[in-house]
Each structure stands twice: as C-alpha cells, then as structure tokens.
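K.L.:
Below are the structure tokens for one structure; questions will follow.
The values are calculated or read from the model by the stated rules, or taken from the named source; none is laboratory data. This structure is a prediction, so every number in the text was calculated from the model and none was measured. With ideal geometry, Cβ positions are generated from the backbone for all residues, glycine too; neighbour counts draw on all protein chains shown. For the accessible areas, the whole protein counts, side chains as well, though only heavy atoms, and no ligand, DNA or RNA atoms are used. Shrake-Rupley method; radii C 1.70, N 1.55, O 1.52, S 1.80 Å.
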Amino acid sequence: MTRIRLYINVDHVATVRQARRTVEPDPVEAAALAEAHGADGITVHLREDRRHIQDHDLERLAPRIRTVLNFELATHPEIVALACRLRPYQATLVPERREEVTTEGGLDLVGAGPQLLDTARRLADYGIRVSLFIDPTPDAVRHAAAMQVAAVEFHTGRYAHAWPQAGAALAELEQAVELARSLHLAVHAGHGLTYRNVTPVAAVPGIEELNIGHSIVSRAVMAGMGPAVREMRELVDAARAAI
Ligand code: PXP
C-alpha cells in the first residue's frame, strides 16, 4: 500500500496573527516546522477577503518551500495571476463566498460558467497541477473528469459533520473515489478532518492526499500552551529575582 501524502494547511496560523495584525505567529515558519515533522506538502488558501493568508506570505513561502506548495484559490483574476507568477506545484480551485466561515461545500461544476474551465486551463498551461475541490457526488466527479484536470479533492465536510454516525457519508466518499479513479482522476480529500475522524478516510484505498488544517493548528496551540506559559513564567520570575 502506498503512503498517503499529508499536506498541512497553515491558514489558521495566519488567522491568529491577523487577529493582531502583527508578525506572529508566522505561517511560513509553521510551514517549515510542518515540513520538518512529516508534512509532504504545504497548503494555503489566499482568499479574496485576505482574512488569514496574505499575498506576502505566499511570496515568502514559495521560494522557501522544501516539499511542495498547494495553492488554494478561487477564480479571482488577481489571485490567479499571482498563482501563475509563483507557479506552485499544485493549485486547488475552491468556491468562495464572502459570508462563509470556511469553504462550506465543493465547487458547483454544473452551474459554473466558463471562468472555472478557463482558469483551470490557464493554470495547467503554466505547468501547475490542477485539482478541483468538489463534493463526493457522481455528477461532480463526471464534470471534473470532463474538464480534464489532474485531480479532485473531495470535500469531507459532510462526513466530518456526521461523525461518529458517518457510515453513509463514508460510503458516498468511497463510491466517489472509485468513480474518480475509474475516470483517471487522482483523488485528494480534506475539510473538517480531525485526530478523531481521520482514520476511516485515510484508510480509503485510492485517496492519495489529505489536506488538513484547523485540527492540527488547534492541537499545536494546546500542545504548546504548557511550554509557552513556563517560558514566560521563567522570564518574569528572573526579572523579579534581579531586583
Ligand atoms: N481542503 C480545502 C480545499 C480547504 O478549503 C480546506 C479549508 O481551507 C481544507 C482542505 C482544510 O480544512 P480543515 O482546516 O478543516 O482541515
């Protein structure tokens, strides 16, 4: 069985930084740490509203990456232009709605106008591997195959929300994976995957890449809280001891 690729999404490291518009925590530094500890790739989503990752993050990340960069984007012309200039290994096209908290569903390939296909072709012309973020439905898979992209990423949100009663959602995902593979699409998956619910998805044959962000950043905050407090405790105590 081949090893599944684990791509780490560092968007929410930038979310914490943007809460103060300061320089820490740095998603580029987080990406380097992720790479040093087993990440096969780094995923970032540059949203039109720039709520977390900023353009300068991508400018700094692209040349420093040691694994591969998976650039998530919607079809906004200036962001597509940035992707074409930076030429990440992979671009994952996602839907974006301004009012959403996160990417709440896959791309609507049926209702999508020519802009999506044009963007996918343009990115591919720049040598970028193109993946489409879609719901695990037969219709979406067939439309993605017709667009002749390299890969699809299945939105695992329905599975994650249903967890632990996720049998039906897992079966839907497995069927979509099988159909996609039969149509020669590489298969990725992500969204809402956590330490609790990841195992059945990681065990689906045919899924070659997982994109995971929020749960890992959350775990990192909790795992780091003890040492972080201890370090500050020592600093303030040393200051007092020196009086
Ligand atoms: N894959 C895609 C295409 C996404 O848009 C996101 C969320 O930005 C993820 C994976 C990661 O989702 P999560 O942060 O819930 O792990």
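K.L.:
Hey, any idea what Rg/Rh is for the chain, computing Rh the Kirkwood way over Cα pairs?
P.N.:
Reported Rg/Rh, Kirkwood definition of Rh: 1.02.
K.L.:
Mind ranking M225, M147, M1 by accessible surface for me, highest first, 1.4 Å probe?
P.N.:
M1, M225, M147
K.L.:
Further, regarding this structure: Taking the alpha-carbon centroid of each part, what is the distance from segment 65-107 to segment 207-231 in angstrom?
P.N.:
23
K.L.:
Ok, one more. How do D26, D118 stack up against each other in accessible area, from largest to smallest, with a 1.4 angstrom probe?
P.N.:
In descending accessible area the options line up as D118, D26.
K.L.:
On a 0 to 90° scale, report how tilted helix 27-36 is relative to the longest principal axis of the chain, with both axes built from alpha carbons and the result rounded to the nearest 10.
P.N.:
With both axes taken from Cα atoms, the answer is about 80 degrees.
K.L.:
So with the 1.4 Å probe, I'd like the accessible area per residue for segment 131-191, rounded to whole Å².
P.N.:
44
K.L.:
Right, another one. How far is helix 167-182 tilted off the main Cα axis of the chain, in degrees rounded to 10, range 0 to 90?
P.N.:
With rounding to tens, the tilt is 60 degrees.
K.L.:
Ok, one more. How big is segment 1-102 in terms of Cα radius of gyration and Dmax, in angstroms?
P.N.:
Radius of gyration, then largest Cα-Cα span, for segment 1-102: 13.3, 45 Å.
K.L.:
Where does helix 55-64 land angle-wise versus the long Cα axis of the chain, in degrees 0 to 90, nearest 10?
P.N.:
Value to nearest ten degrees: 90.
K.L.:
Evaluate the distance, in nm, between pseudo-label points positioned 7 Å from the Cα of V101 and of E78 along their respective Cα→Cβ axes.
P.N.:
Distance between the two pseudo-spin positions: 2.9 nm.
K.L.:
What number, in nm² with one decimal, is the all-direction average of the projected area of the convex hull of the alpha-carbon atoms of segment 149-212?
P.N.:
3.8
K.L.:
Calculate what fraction, in whole %, of the accessible area of the chain sits on carbon and sulfur atoms when a 1.4 Å probe is rolled over the protein chains.
P.N.:
55
K.L.:
How big is segment 79-155 by the Kirkwood estimate over distinct Cα pairs, in Å?
P.N.:
Mean inverse Cα-Cα distance, inverted, gives 12.7 Å.
K.L.:
By the scheme Lys and Arg +1, Asp and Glu -1, what is the net charge of all other residues having a beta-carbon under 13 Å from that of V10?
P.N.:
-3
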